[in-house]
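The values are calculated or read from the model by the stated rules, or taken from the named source; none is laboratory data. Computed from a prediction, not measured in an experiment: that's the story for all the values here. Counting neighbours? That spans all protein chains shown, and the Cβs are built from the backbone with ideal geometry, glycine included.
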Amino acid sequence: MSLVRCLATLNRAVGGLSTLLPHQSTSTRAAPSCAIFNFRNHSTHQTLTSSGTVRNASASASPRPSPADRPRLKSAGRSADTRPTSPRAISAVSFDAHRSRVVLQVVGVADREDRQQQYEFPAVWLRDNCQCERCFHGGSSSRVLNWERFDVDRMRRVKRVEVVDAGRSLEVLWDEEGEVHRSVFELEWLLRRSFRREDTERYLREWYRPEPVIWGAAGFEEVLREFSYAEVLADDGTLRQWIEALIAYGVVMIKGAPLTENECRRLADRVGFIRKTHYGEEFIVKAKEGTSNVAYLSTPLQMHTDLPYYDYKPGCNLLHCLVQSTNAVGGENLIADGFYVAEQLRQHHPDDFRLLSETLVDWSDLGADEAGTFHSIYRAPVICVGRDGRLERINHSVPQRDSHFSVPIDRVEPWYRAMQRFVSILHREAVSFKTAPGDILTFSNVRMVHGRTGYTDTAGNTRHIVGAYLDWDEIYSKLRVLKAASDKNTP
Ligand SMILES: [Zn+2]
């Protein structure tokens, strides 16, 4: 990756040796003079918290590892399971009838075994999650409780609570239309479902979606991990490290894939299955005449996300380089962390952030390819924010932004100004590098914004890339499967 360069240093002599911190403005950043990254001890990574705010990750504290060591590093996005291993037991249980909560006193949770912790569980939730055979089908891990007869006022009433199994389980008896229903919950099962805020946050981080670590141009070399293609295919631990790095940093390089057209499929099959689009399953990126997509031209490919006109946009790109352009300049990949760019806007230009996150843009693609003729339209903002404030998806594609712009007319010019700012920061925070034959560049298509410089094919040198997509649902699923298998752990 010696060709890694900060676009900012190439284009406008700003950019950097240190990641933009929340309190810094762009005008106060030092202008670096070198074009090659060297920023040991300078970078600060930021992690998005569940509330959508940004906190700094600790990745800057340790010295930069040598490239050979890097793939083996535990990624900064992965948090250790801090649950204690000491035996835990229920020391007391009571039912708070007023609030309809079962209250447990549990020992062994903290470092000191005699220290009691209190856990509360709503009775109605316990009844809904009864694990008996009539209420829960273990073989399919599914609730089969009859909800047609579910009555909250009745279900919130508990007849009796008791500690059983030497403190390892809770028994709850319910009075149901004259019949007593018995539920038994293992303490460990209950603790994994604790309603304490720190416990729900830990569950979401460990089992739902680990938090992304966002980065600006100055942080790129430090976050870029490389993995061996053969190891990802053969070893579950390496597969998991690749997935965790992809979640944390949004972009990961896989090296040493054979130079045949089937390798994206083999990699995708290792995770789940290829996400098909109207361009097919695998797509070949070669300069071609009469193309249905500007990606198939050799002219510069502006920075963009793929297929923003899909409601269910493909989640992750796999781009396998078979033949790279041998032009001294050209055919380089450009990539930037769209979440970082969005956070810069949110912090420093909140009005622009609001415009780009609230204005629905019409994205479209019309044409014909191997799956036939298509006419796709989807409306979504450039910056998609979840209900919890978290960034969910970036949409940006100049070619595939429709001339239909279905917004109030007063919104148009302000939106263009905000977009101009977004693209300006995007280019400032973009990095460029050239993949080599055998590289598979993998990156999030909902987070990263990517492009390519123009190139010229010559006799005997035709740039040849094979691409495919994976969906994040399958990637997260595979991570959980690997995690549950290797940690002997259940969510
Ligand atoms: Zn039951």
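Run Phe185 past the list (1) within 15 Å of the ligand (Cβ to nearest atom); (2) touching a residue at least 60 places away in the same chain (Cβ under 8 Å); (3) closer than 21 Å to Val109 by Cα and report the number of the one that doesn't hold.
With respect to (1) within 15 Å of the ligand (Cβ to nearest atom); (2) touching a residue at least 60 places away in the same chain (Cβ under 8 Å); (3) closer than 21 Å to Val109 by Cα, Phe185 is out only on (2).
If you check Gly438, Gly454, which single one turns out to be under 17 Å from Pro300 (Cα atoms) and not in a strand (DSSP E or B)? Steps first, please.
Working: Gly438 fails: under 17 Å from Pro300 (Cα atoms).
Answer to the check: Gly454.
Output the residues belonging to the range 322-380 that are within 16 Å of Val407 (Cβ to Cβ) and without any contact (Cβ under 8 Å) to a residue 60 or more places away in the chain.
Of everything in the range 322-380, those that are within 16 Å of Val407 (Cβ to Cβ) and without any contact (Cβ under 8 Å) to a residue 60 or more places away in the chain turn out to be Arg354, Ser357, Glu358, Thr359, Leu360, Val361, Asp362, Trp363, Ser364, Arg379.
Name the pairs whose Cβ atoms lie under 8 Å apart, with the first residue in the range 130-151 and over 19 Å from Leu190 (Cβ atoms), the second assigned to a strand (DSSP E or B) and more than 8 Å from the ligand (Cβ to nearest atom), and 6 or more positions between them or separate chains?
Within 8 Å, the pairs are His137/Arg143; Val144/His137.
Identify, from the list Glu171, Glu186, Glu177, Glu198, the residue that is farther than 30 Å from Ile425 by Cα, in contact with an Asp or Glu (Cβ under 7 Å, 6 or more places away or on another chain) and not assigned by the TED database to the domain that holds Leu246.
Answer to the check: Glu171.
Return yes or no: is Thr238 hydroxyl-bearing (Ser, Thr, Tyr), at pLDDT 95 or above and surrounded by fewer than 21 Cβ atoms within 10 Å (Cβ to Cβ)?
So Thr238 passes the test.
Looking at Ile274, Ile247, Ile284, Ile243, which one is under 30 Å from Ala342 (Cα atoms) and not in a helix (DSSP H, G or I)?
None of the others qualify; the one that does is Ile274.
Quick one: in the range 287-314, which of the residues that are assigned to a strand (DSSP E or B) and hydrophobic (A, V, I, L, M, F, W, C) is nearest to Glu392 (Cα to Cα)?
Met303
Being out of contact with any Leu (no Cβ under 7 Å at 6 or more places or on another chain) and under 27 Å from Asp473 (Cβ atoms) is the filter here; which residues of the range 302-320 pass it? Explain how you work it out, then say what you get.
Step one: filter the range 302-320 for residues out of contact with any Leu (no Cβ under 7 Å at 6 or more places or on another chain), giving 302, 304-312, 317, 320.
Correct list: His304, Thr305, Asp306, Leu307, Pro308, Tyr309, Tyr310, Asp311, Tyr312, Asn317, His320.
Considering every residue within the range 407-427, establish whether at least one is among the aromatic types (Phe, Trp, Tyr), within 22 Å of Met303 (Cα to Cα), under 17 Å from the mean Cα position of the chain (by Cα) and assigned by the TED database to the domain that holds Gln344. Quick ask: steps written out before the conclusion?
Our first condition is that a residue be among the aromatic types (Phe, Trp, Tyr); within the range 407-427, this holds for 415-416, 422.
Okay, now just the ones that are also within 22 Å of Met303 (Cα to Cα), so 415-416, 422.
Now drop any that are not under 17 Å from the mean Cα position of the chain (by Cα), which leaves none.
Looking for residues that are among the aromatic types (Phe, Trp, Tyr), within 22 Å of Met303 (Cα to Cα), under 17 Å from the mean Cα position of the chain (by Cα) and assigned by the TED database to the domain that holds Gln344, one finds none in the range 407-427, hence no.
Got a number for residues in the range 357-377 being out of contact with any Pro (no Cβ under 8 Å at 6 or more places or on another chain) and loosely packed, with under 15 Cβ neighbours inside 10 Å?
Counting residues in the range 357-377 that are out of contact with any Pro (no Cβ under 8 Å at 6 or more places or on another chain) and loosely packed, with under 15 Cβ neighbours inside 10 Å gives 9.
For the range 94-179, which strands (runs of 3 or more DSSP E) that fit wholly inside it have 3 or more residues that are more than 16 Å from the ligand (Cβ to nearest atom) and of a type outside the set (S, T, N, Q)?
Working: elements: 101-107, 116-122, 160-164, 169-176.
Where strands (runs of 3 or more DSSP E) fall fully within the range 94-179 and carry at least 3 residues being more than 16 Å from the ligand (Cβ to nearest atom) and of a type outside the set (S, T, N, Q), they are 101-107, 116-122.
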